[in-house]
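A short write-up of the structure that comes next.
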Amino acid sequence: MRLLAIAALLLAAAPAAAAEPTPLLSIALNADIRSSNPGVQRDFNSDVVLSHVTEGLVALREDQTPVPMLAEAIEVSPDGTAYTFRLRDGVTFHDGRPLTSAEVAWSWKRYLDPATQWQCLERFDGRSGPKVLAVETPDPRTVVFRLDRRSALFLVNMATIQCGAVVLSPSSLGPDGAWIKPVGTGPYVFADWQKNRHVELTRFDGYKPVPGERDGLAGGKQALAEKLRFVVIPDRSVMNAALLSGQVDIVPDVGATEIETMKAAGAQVTVTPTLSWAVLLLQTRDPLLSDARVRQALARAIDGKQVAEAASFGLATPNPSAIATASAYHRDADAVWPAYDPAEATKLLQEAGRAGASIRIQTNNRPTGQHEAALMIQGLLAGAGLDAQIETLDWATQLQNYREGKFQASVFTYSGRPDPALAFDSIIGSKDEDPTSQWEDPEAIAWLAEAKTVEDKAARQAIFDRLHARMAEQVPVIGLFNPVQVTAVGPKVRGYADWAPGTARLWGVWKEQ
C-alpha cells in the first residue's frame, strides 16, 4: 500500500511574501486561447490561462512528480488497480458549490464520454493506458478509481496540464449540456473572454490554498492580484513595447536579440530551459517520405546545432531526442543521431532515386522561432540538392493540419511532457487510430506500452534508450532542440518565476505600488 499526503510531499516553506493587493497583472499571449474547455480543443495558451482557474485531484511539482491537490491523500492498492482519493475539506467551486466526490465523478464521467472529445481519453480508456472501469463515491469525501491494470503513469497523466483532467462544477455546462465556461476551484474565476483581444480572470475570494509556497502547479497558490488579464499580442515588437510602456507586466516570448535592450530599459529578464521539444515532423505515409533512405538523408542534411542557434539566437542547444535535456532521464546516448553530412545525404537521395526532390515544409508566423528554424532547414536541405518550399500558416491552421496529418513536413513544437513515456507517446502510434501519430513501428509501440507499466527507473531508462536508438535508425521525426523560455517582467513585478514546462504562473506574483 502506498500513501501520498500533502504534508509529506509539498515543500515545507513559509507563505508567500505579504504584499498589498495588486489591482491588475497583465501578461502578453502570442495568440488567443483555442478553447476555455479544459483538455478539449486545447493548446498551450489555453493551458496557461486555465491553470489559474481549474484544479485536479493531483498536480505536478517543480520536479514533475505528481502530488495531491484537491485530494489530501491518495491510497494505492497493492496490485495498482485501485486509487482511493480522500478529498480536502472546505474546498468550494466558483459558483459556491462545495467540492464533493459527486463533482469528481461527474467530471470524469464527462471526460470518459467520447462525445466530449477529451484529448486524453485514450490514456484512460484502455487504448494508450489503463482503462478506468469505475469511479466510485463511497462517501462525499472519498473517490475510488478502479483500473483494469497497473500503470506507472496514472497519476502523472491525471496531473499533466495538457490533459486538463480537472474537477469542474456541473454549472460549467448549460441545461442543454452545451459548454459555457470553466467553473473550477482555482484561485481565479474565468470572467471575460474577448476573442483575439484578451481573457480576464478575477480573484476568487473563497479560494482555500494548500500549505506551503508555489511548487510547480501544486503548493500554495496565493492570489495577490485582484485581476489577471491575458492580452493577445501576436507581434513580438508590439509585445515588448507594451511591456516598456507599462501596458502589460509580463512578456513570456522575448526574442534572444532583445534581451539586452529590455534589460537596459529596466525590465527583468530570465532565461529558463524547458521540456518543450521543437521538431521537424515527417509524414511517413507520404510517397517521398515513406522511404527510410530519404528520411535518413534529411537527418544528415540538417545540422541541429545550426537550426537551434538560428531559432534561439544561440540560447538553446540541439537535442534530437524526445527526452528533454532538462529531464532526469536524459543521457549522453540521447545525442547519438545521424551525423550532419550533406555529401552522404546527397548519396542517399541518389540511391533512393530522389535527387533534387521537392519537399513542402509548414510553419507558422508566431514569434516562437519556428519560422527561423524552417528557414535554416530550407537552406540546409538546399545543400543536399533538395528543393524545400516553406508554407507559412497561421497557428490555428497549422495546428489543425497537425491534428489531421495534413502536411508533408512541418516545423512543430510539442509542449513539455513531465515523463519521457508521454513525450514518446506524442509521436508513437497508429495513424489510422490517431493522425497525430508520427511513428508506427510495432516494436516501438510495444516498448512504449511496457514503459507505461514499469515503475523501476533503471528498467524504464533501458526502454527509453532502446526507443531513441530505434528512432535514430528510422527517423520518423527529426528532433531539433528544447526551446528556452525568455521572459521579461516589468521593474515593479515581484515573485514571478518560470519553470521547465514553460507555463506562466501568476499566483504569488504582485507589483510594488
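The values are calculated or read from the model by the stated rules, or taken from the named source; none is laboratory data. Computed from a predicted structure; not experimentally measured. Note: ideal-geometry Cβ built from the backbone for every residue, glycine included; neighbour counts use all protein chains shown. To get the accessible areas, we keep the full protein, side chains included, count just its heavy atoms, and leave off ligands, DNA and RNA. Shrake-Rupley method; radii C 1.70, N 1.55, O 1.52, S 1.80 Å.
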When you scan region 214-226, do you find a residue that is outside any loop (DSSP other than H, G, I, E, B), over 18 Å from residue 68 (Cβ atoms) and not polar (S, T, N, Q), even just one?
yes
Among the residues of region 225-235, write down those that are more than 17 Å from residue 194 (Cα to Cα), open to solvent by 10 Å² or more (accessible area, probe 1.4 Å) and touching a strand residue (DSSP E or B) at 6+ places or on another chain (Cβ under 6 Å).
226
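Give me a count of the residues in region 329-364 that are assigned to a loop (DSSP other than H, G, I, E, B) and in contact (Cβ under 8 Å) with a residue 60 or more places away in the chain. Before you say what the answer is, go through the steps one by one.
First, pick out the residues of region 329-364 that are assigned to a loop (DSSP other than H, G, I, E, B): 329-331, 336-341, 352-357.
Adding the requirement that they be in contact (Cβ under 8 Å) with a residue 60 or more places away in the chain leaves 329, 331, 336-338, 352, 354, 357.
So the count comes out to 8.
Under 21 Å from the mean Cα position of the chain (by Cα), at negative phi and in a loop (DSSP other than H, G, I, E, B): does that describe residue 184?
Judged against the criteria, residue 184 is a match.
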Please tell me if residue 375 is touching a residue at least 12 places away in the same chain (Cβ under 8 Å), over 24 Å from the mean Cα position of the chain (by Cα), over 22 Å from residue 440 (Cβ atoms) and buried (at least 23 other Cβ atoms within 10 Å of the Cβ).
no
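Go through region 37-66 and count every residue that is under 24 Å from residue 402 (Cβ atoms) and either in a loop (DSSP other than H, G, I, E, B) or over 15 Å from the mean Cα position of the chain (by Cα) (or both).
Within region 37-66, the subset under 24 Å from residue 402 (Cβ atoms) is 37-51.
Cutting the leftovers down to either in a loop (DSSP other than H, G, I, E, B) or over 15 Å from the mean Cα position of the chain (by Cα) (or both) gives us 37-43, 51.
Residues flagged as under 24 Å from residue 402 (Cβ atoms) and either in a loop (DSSP other than H, G, I, E, B) or over 15 Å from the mean Cα position of the chain (by Cα) (or both) within region 37-66 amount to 8.
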Being open to solvent by 10 Å² or more (accessible area, probe 1.4 Å) and either at pLDDT below 95 or within 24 Å of the chain's Cα centre (by Cα) (or both): is that true of residue 325 here?
yes
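Yes or no, residue by residue, for (1) open to solvent by 70 Å² or more (accessible area, probe 1.4 Å); (2) farther than 25 Å from residue 89 by Cα:
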site	(1), (2)
191	no, yes
209	no, no
223	no, no
237	yes, yes
242	no, yes
Give the residue, chosen from 116, 142, that is closer than 17 Å to residue 39 by Cα, of a type in the set (Val, Ile, Thr), open to solvent by 10 Å² or more (accessible area, probe 1.4 Å) and in contact (Cβ under 8 Å) with a residue 12 or more places away in the chain.
116
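Would you check if residue 289 is at negative phi, open to solvent by 10 Å² or more (accessible area, probe 1.4 Å), hydrophobic (A, V, I, L, M, F, W, C) and assigned to a loop (DSSP other than H, G, I, E, B)? Break it down into steps so the answer makes sense when it comes.
Numbers: at negative phi: yes; open to solvent by 10 Å² or more (accessible area, probe 1.4 Å): no; hydrophobic (A, V, I, L, M, F, W, C): yes; assigned to a loop (DSSP other than H, G, I, E, B): yes.
Answer is no for this residue.
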